[in-house]
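The numbers here are math on the coordinates, done by the rules we state, and not lab data. Please read these numbers as outputs of a predicted model, since none were measured by experiment. Every residue, glycine as well, gets a Cβ built from its backbone with ideal geometry; the counts of neighbours run over all protein chains shown.
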Amino acid sequence: MKPSVKANLAAFHHDARLYLTLGIANWSVFVDHIPNNVVNLLTLRNFGFSGAADLFVFVVGYGVAIIHGRMALERGYVVAATRIFRRVWRLYAAYVVLFVIYIDTIAYVASQSMAPEIIHEYNISGILEHPLRILVRGLVLQEEPLNLDLLQLMIPLMAFFPFALWGLLRRPNLTLAASVALYVAARWFDWNFRVYPDQDWTFNPLCWQMLMVLGGWFAVTGASGRALHSMSWLRILAGAYLIFAMAVTLMRHSPALSVYLPDFFVNSIAPTDKENLAPYRVVHFLALAFLATHLIPADHPGLKWRPLQAVITCGEEWLAVFCIAVFLSFAGHLILITGPNLVVMQIAVSLVGFAAMTAVAYYISWSRRQDLPAALRQQA
């Protein structure tokens, strides 16, 4: 292991910002996957080029690199790699369970004619005629129902990460360069994973892997920006880019204002290229992260604000909460399309979802503490 990487991992302390960010990302994933929901107008994607997916993938890469990098330091790389593969299995198991629930529920709703359009809306045409084929294809990730796309993406990304971590611990700059090269090649040659019959994945893993590796690179190198934060001109540049991105995004969402957008922005930037992780999305996210970490240092007293603890706890238990968020977004969407889709109902569904995710996070945190020895349990 590279000495500087070992020193950075050993010096890392609990950073509430990491878990706060993961919690925000999980809450955003939940509301963003409920179409026609007034609450998702407040999420990141409506104010710039990047969104909750960018936030989630980057911070997961950062967090997994810290946690399993320290594990590799203390217990060896093989142990760390097997623990990451355990997370892959949990993600896949959650995907299979949710996929079965999806197709069973959607088939029932469509057959009862409560919302027959749901089959096409959820991108699983043929479920009534060939349910077994749909199930088998789903098990091998050859189906991509609406709302499961991000969970599906995380399976190959997490499966790939033990190999990326091996490189990050030894040659972090070379590993990042190789990741960027794969990203560029995938965009240039139009490489992507396929789903039946001949469609691309909504999130191209060959491109999105770069954002996860980039998060891991920042974690192991300690390139959190102590030197960069002192450059006032860079903060001005980042702020200007964020304002520009917000202006373009807001204008794109307004028919009255979109006519004033030059054709270049309409054709090249709007709508944003989510599938292949457009470079301007990456720059927007990095600018946002740079300013956020400057304005909110790790010892900021606001991080101890009591209402934020629910979000932070959701971030600490990110894997379980993420899987619950995907399920709740499906349930929330189903409720809204089969019942009265009123604004008050949209807000109620969102609040109940936030409460459910928080309850799951607190329960898992409490349950984990019960497994600790009594002395450690009192300190936790």
Computed magnitude of the charge dipole of the chain (debye, nearest 20; Cβ of K, R +1, Cβ of D, E -1): 1560
Rounded Å value of the spacing that divides the Cα centres of region 313-338 and region 7-67: 14
Net dipole in debye of region 239-346 [+1 Lys, Arg Cβ; -1 Asp, Glu Cβ; about Cα centre; nearest 20]: 180
Most to least packed among 90-96, 194-200 [average Cβ atoms within 10 Å]: 90-96, 194-200
GNM top mover of Arg252, Arg369, Arg45 - the chain, alpha-carbon springs below 10 Å: Arg369
For region 157-170, 3J(HN,Hα) per residue [Karplus equation, 6.51 cos²θ - 1.76 cosθ + 1.60, θ = phi - 60°, Hz, x = Gly/Pro]: 5, 5, 5, 7, 5, x, 6, 5, 4, 4, x, 5, 6, 10
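May I ask you to sort Leu214, Leu351 by Cβ crowding, counting other Cβ atoms within 10 Å and putting the fewest first? The partial results should precede the final answer.
On the way: Leu214 21, Leu351 11.
Listing Leu214, Leu351 from fewest to most nearby Cβ atoms yields Leu351, Leu214.
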Unit Cα scatterers, Debye sum, region 1-63: log10 I(q)/I(0) for q = 0.23, 0.24, 0.26 Å⁻¹: -0.93, -0.98, -1.08
Choice from Gly239, Gly339, Gly167 with maximal GNM fluctuation in the chain (Cα, 10 Å cutoff): Gly339
Exposure proxy order (Cβ contacts within 10 Å, fewest to most) of Leu139, Leu295: Leu295, Leu139
3J(HN,Hα) from dihedral phi, region 345-355, Karplus parametrisation 6.51/-1.76/1.60, rounded to Hz, x for glycine, proline: 5, 4, 5, 4, 4, 5, 5, 5, x, 4, 5
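Using Cβ counts within 10 Å as a stand-in for footprinting exposure, how do Cys314, Cys323 rank, fewest first?
Numbers: Cys314 30, Cys323 21.
The order, fewest Cβ neighbours first, is Cys323, Cys314.
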